[in-house]
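The structure appears below as structure tokens.
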Amino acid sequence: MYVGVDEAGKGPVLGPMIAAAVRADPESLPADVDDSKRVAPDRRREIAAELRASDAVDVAVATVETAEIDAPDTDMNTLTVRGQARAVRGAARAGDRVVADAGDTSEDRFARRLREFATDTGTAESVTVDAAHGADESDPVVGAASVVAKVARDARMAAIDAAYPDYDGVGSGYPSDPTTRAFLRAYVADHGDVPPHARRSWSTCADALAAAEQSGLDEF
């Protein structure tokens, strides 16, 4: 039994980043658990529910909200470590081995920083941490964590979407999503600013604000 940890929502312009940790014996996991990107949405939700309901599995989720993401004194690697560490502290026990999907170009550096952050409060001071790129594909427990994180992130996006019934949906939240970009443009046109759930430090938000300002100048 060991802990796998991963995150979802690192790149979107809307919504939080969600990290999840799963403590389990791989044999206790659903046979089709995998990297969340390779599991159909309905099945992801089923797997996440099965994991949470199982007495043989511990699950912890941590949220990195947009205000923290936009803070000028941080960076995405640190935010990823911080989010994963919070999830680890919610699931790990002393002596556990932790396997993480590395969120840094250096796997060793990410593992070292994750252990430092995870043990900052002393709740998991004796854990060991390994990190690898693609661990969500190669390690079933990390894959389980990626599914839990993705399902939690999707639930938050559904709640954000429901908060804006006057618009034609917020989309996935990713900058490449035309629905997300259209929502941001329409919201800025209506309110003169990006919505509270947007990462205003992302260039997508800056582009929407600049386009609205230029449109106002053109009308003037």
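The values are calculated or read from the model by the stated rules, or taken from the named source; none is laboratory data. In this text, all values refer to a predicted model and were calculated from it rather than measured experimentally. No Cβ is skipped: glycine too gets one built from the backbone with ideal geometry, and neighbour counts run over all protein chains shown. Surface accessibility is based on the protein's heavy atoms, side chains included, excluding ligands, DNA and RNA. Shrake-Rupley method; radii C 1.70, N 1.55, O 1.52, S 1.80 Å.
Listed values, structure above:
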item: Any hit, the stretch 205-219, residues being at pLDDT 95 or above, farther than 30 Å from Ala91 by Cβ and small (Gly, Ala, Ser); result: no
item: Odd one out for Arg185 among (1) farther than 26 Å from Asp42 by Cβ; (2) of a type outside the set (Ser, Thr, Tyr); (3) open to solvent by less than 60 Å² (accessible area, probe 1.4 Å); result: (3)
item: Count - residues of the stretch 49-96 that are in a helix (DSSP H, G or I) and not hydroxyl-bearing (Ser, Thr, Tyr); result: 22
item: Inter-residue pairs, beta-carbon under 7 Å, first at pLDDT 95 or above and in the stretch 100-125, second open to solvent by 40 Å² or more (accessible area, probe 1.4 Å) and polar (S, T, N, Q), 6+ apart; result: none
item: Whichever residue in the stretch 27-43 is open to solvent by less than 50 Å² (accessible area, probe 1.4 Å) and of a type in the set (Gly, Ala, Ser) and, among such residues, is farthest from Ala149 (Cα to Cα); result: Ser28
item: Count - residues of the stretch 1-43 that are of a type outside the set (Val, Ile, Thr), under 26 Å from Ile69 (Cβ atoms) and either in a loop (DSSP other than H, G, I, E, B) or touching a Phe, Trp or Tyr at 6+ places or on another chain (Cβ under 6 Å) (or both); result: 7
item: Identity of the residue in the stretch 64-79, open to solvent by less than 60 Å² (accessible area, probe 1.4 Å) and without any contact (Cβ under 8 Å) to a residue 60 or more places away in the chain, that ends up nearest to Pro30 (Cα to Cα); result: Val64
item: Which numbered condition Glu46 fails, given (1) part of a helix (DSSP H, G or I); (2) within 15 Å of the chain's Cα centre (by Cα); (3) surrounded by 15 or more Cβ atoms within 10 Å (Cβ to Cβ); result: (2)
item: Residue match in the stretch 16-26 (condition: modelled with pLDDT of 95 or more, surrounded by fewer than 21 Cβ atoms within 10 Å (Cβ to Cβ), farther than 19 Å from Gly103 by Cβ and not basic (Lys, Arg)); result: yes
item: Lone unmet requirement of (1) over 26 Å from Pro30 (Cα atoms); (2) within 20 Å of the chain's Cα centre (by Cα); (3) modelled with pLDDT of 95 or more; (4) of a type outside the set (S, T, N, Q) for Tyr167; result: (2)
item: Residue in the stretch 140-147 that is closer than 25 Å to Ala48 by Cβ, free of Cβ contacts under 8 Å to residues at least 40 places away in the same chain, in a helix (DSSP H, G or I) and open to solvent by less than 80 Å² (accessible area, probe 1.4 Å) present; result: no
item: Tally of residues being open to solvent by 10 Å² or more (accessible area, probe 1.4 Å) and either in a strand (DSSP E or B) or under 17 Å from Pro196 (Cβ atoms) (or both) across the stretch 148-168; result: 11
